[in-house]
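Below is one structure, written out as structure tokens; the observations come after it.
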Amino acid sequence: MIANPILPGFHADPSICRVPGVDGDDYYIATSTFEWWPGVRIHHSRDLVNWRHHSYAVTRTSQLDLTGHPDSAGVWAPCLSYSHGKFWLIYTDVRSTVGAFKDTHNYLITAQSIEGPWSEPVYLNSSGFDPSLFHDADGRHWLLNQQWTHWPGKHNFNGILLQEYDAEARRLVGPVKNIYAGTALGVVEGPHLYRRKGWYYLLTAEGGTYYEHAVTLARSRQIDGPYETLPGNPLMTAWRKPTDGLQRSGHASLVETAHGEWFMAHLCGRPLEWSGPNAARNNPEAGYDGLHCPLGRETALQRIHWRDDDWPELVGGHGQQPSMHIEPPQLPAHPFPAEPVRDDFDAPTLSGHLNSLRRPVDANWASLTARPGHLRLTGRESLMSLFDQSLLARRQQHFRCRVETRVDFEPESFHQMAGLTAYYNTRNHAYLHVTRDPDSQQRVVSLTVNRQGQMSGPADPVALAAGPVDLAVEFNHDTYQFQFRQDGGAWRSIGPALDTAMLSDEFATRFVNGFAESFGFTGNFIGLACQDLAGTRQTADFDYLSYEARV
């Protein structure tokens, strides 16, 4: 069986495509990366059951500059396709997220191979986000995107736009037409277009990307409409339905195997209930007070059946509801080798699971050669900076897991810090770090917690002996606990057990009088960081980073 989610942890807005091959087909999924760098994460499979991280598409600042972008801005909803012997990738660069206006710039890059190199970007438009490219059988290419409007009295999500793309001229041509206004679910976005048996099928997301999320389908004999909505729409939703674990389900894309089997990749979330005396509470105006998804929006797969009337439906016995387990396709099994639990930083390049914020990794602040067998980070700005952070982090992909590292760091003042962080965004994170106490001048290990931009701590700084320090964080469903030790001694907890709710989209999204003053669209990362707020560029050496899933 295919076990959902197929891409656990923060992997949102999946765009799936099939590439025919001589010895079997390859399947790829591109997902959103928001403010994290590199941009557009790509996974690979040969059987739709087993998936591995493959590469990134946006790897140069000439393709994208995220410097100064707010939290949860950046790369939204990429669309990956394969046509005319090459890969096409469209992505949005979102520069603002709150208020009446959205600054959303859409770009196209191409590559002959999924490994790249990917081309320099072609600018398309800025009329809305979630762009998608459809390659018709007659050789023409069509761009779709959600239209955003700030006009008073109109819904911000103002339909799906269609315009032709001239591949030779490398620009959009012809008229722009609003082909679909959506349904009463509202918030129409995430368009993808498909053609089957003379019909054009328009797949969209509606309801908003939280618990009301849904997949809407419409069809037309003409590419520019009019489009008829699926009777009994939506095609899929988990809103107010007793699912077997998947909620927030929507924003989907379709793929057909060589055997004519159809599958739908979609985002989802696996919520936990907030509990305990330290539980972070959201504003009840959000409509989902009491639930949180610390792993973020993940990617799942559902099987699709085409009825005799040429409308699709979900397979699995749950009607519109997504399923945790589905029947796999008629493809040979193709598992990948298990990934190592521990990274000793012995490789010439960083693991593809490690990401930085807004800017590429470069030798100016991160080095694998300055001290062989170690990752050296040079201290720069604070964890609240939108510019120059020295932070390398990986997604949390399991509700129960343990992360450990060893840091060799000799701070000269309290301005200098290095350690291990559980990081949702600039305003919500916890940080276990080695620093210097400003009063006693002792080297200490300290824990600070940042909730909605308000810092608490340090929690009972503990004096350290000379030498490296081992740091750890252990996640246990809805809580997590930081620990430290020295010289192979027993692990000691520091600070209270914290609630994972503060590391979730739900907590980061804040409503005031019915309007969102902040959004959260990502998921928790666990990472290594170094700061030098005095600007003297003190360095910290990390010996290893281990990530172990717990049952």
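A short reminder: the numbers here are calculations on the coordinates, not readings from a lab. Owing to the predicted nature of the structure, the values given are computational and were not obtained by experimental measurement. Note that each Cβ is placed from the backbone with ideal geometry, even for glycine, and that neighbours are counted across all protein chains shown.
Kirkwood Rh, the chain, all Cα pairs: how many Å? Mind dumping the intermediate values first?
Working: mean 1/r = 0.0414 Å⁻¹.
Averaging 1/r across every pair of different Cα atoms and inverting gives 24.1 Å.
For the range 150-209, state which trypsin sites (Lys or Arg not before Pro) are in a DSSP loop and have at most 13 other beta carbons lying within 10 Å of their beta carbon.
Details: sites: LYS154, ARG170, ARG171, LYS177, ARG195, ARG196, LYS197; in loops: LYS154, ARG170, LYS197.
In loop regions of the range 150-209 (DSSP not H, G, I, E or B), the sparsely surrounded trypsin sites (Lys or Arg not before Pro) are LYS154, ARG170, LYS197.
Over the range 346-424, what per residue volume does the convex hull of the Cα atoms give, in whole Å³?
Working: hull volume 9.7 nm³, N = 79.
Taking the convex hull of the Cα positions in the range 346-424, it is 123 Å³ per residue.
When the helices in the chain are scored as -39500 (n - 2.57) per DSSP H run of 4 or longer and the sum is shared across all residues, what 222 nm value do you end up with, to the nearest 500 deg cm²/dmol?
Details: 1 runs with 4 residues, N = 551.
Per the formula, 0 deg cm²/dmol.
With no solvent and one equal point scatterer per Cα, compute the Debye intensity ratio I(q)/I(0) for the range 466-551 at 0.10, 0.13 Å⁻¹ and report its log10, rounded to two decimals.
For the requested q values the scattering log ratios are -0.41, -0.66.
Provide the net charge surrounding HIS141, with neighbours chosen by a C-beta distance below 14 Å and charges set as Lys +1, Arg +1, Asp -1, Glu -1. Please list the in-between numbers first.
Numbers: positive: LYS86, ARG140, ARG170, ARG171, ARG195; negative: ASP136, ASP138, GLU164, ASP166, GLU168.
For residues surrounding HIS141, the net value is 0.
What number, in nm² with one decimal, is the all-direction average of the projected area of the convex hull of the alpha-carbon atoms of the range 43-89? Display every interim value, and only then the final one.
Numbers: hull surface 19.7 nm².
The number I arrive at for the range 43-89 is 4.9 nm².
Report the extension gain between SER62 and ASP244 in nm, rounded to one decimal, defined as 0.36 nm multiplied by the number of residues separating them, less their alpha carbon distance.
Values: separation 182, 0.36 × 182 = 65.52 nm, distance 4.36 nm.
Gain on extension, SER62 to ASP244, equals 61.2 nm.
Taking every pair of alpha-carbon atoms in the range 174-235, what share in percent sits in each 10 Å bin, from 0 to the bin with the longest distance?
Percent of pairs per bin, in order: 23, 54, 20, 2.
With only alpha-carbon atoms counted, please give the Rg and Dmax of the range 392-551, in Å.
That works out to 15.9, 53 Å for Rg and Dmax.
Quick one: Cα centre-to-centre distance for the range 339-403 and the range 64-101, in angstrom?
The two parts, judged by their Cα centres, are 23 Å apart.
Below 8 Å, C-alpha to C-alpha, sequence gap of six or more: please give me the relative contact order for the range 47-164 in percent. Walk me through the numbers on the way to the answer.
Working: 226 pairs, mean separation 21.0, N = 118.
Relative contact order comes out at 18 percent.
Run the reach check for LYS154 against lysines, Cα to Cα strictly under 24 Å, same-chain hits fewer than 8 apart removed. What comes back?
In chain and number order, the partners are LYS102, LYS177.
Per residue, what volume in Å³ does the convex hull of the Cα atoms of the range 11-120 enclose? Let's see the in-between values first.
Details: hull volume 10.8 nm³, N = 110.
About 98 Å³ per residue, rounded to a whole number.
For the range 329-385, what is one quarter of the convex hull surface built on the Cα atoms, given in nm²?
Details: hull surface 26.8 nm².
Its average projected convex-hull area is 6.7 nm².
Please give the net charge around ARG60, taking every other residue with its beta carbon less than 13 angstrom from that of ARG60, where Lys and Arg add +1 and Asp and Glu add -1.
On the way: positive: ARG359; negative: ASP65, GLU120, ASP362.
With Lys, Arg at +1 and Asp, Glu at -1, the neighbours total -2.
Would you list, by chain and number, the lysines whose Cα falls below 17 Å from the Cα of LYS241, excluding same-chain residues fewer than 8 positions away?
The reachable lysines, counting only those whose Cα sits under 17 Å from LYS241, number zero.
Quick check on the range 60-124: what are the equivalent-ellipsoid semi-axes from the Cα gyration tensor, as sqrt(5λ), descending, whole Å? If you can, show how the numbers build up before the last one.
On the way: eigenvalues 125, 29, 16 Å².
Rounded to whole Å, the semi-axes are 25, 12, 9.
Counting pairs of Cα atoms in the range 100-195, how many percent are more than 23 Å apart?
Values: 1307 of 4560 pairs.
In whole percent, the share of Cα-Cα pairs in the range 100-195 beyond 23 Å is 29.
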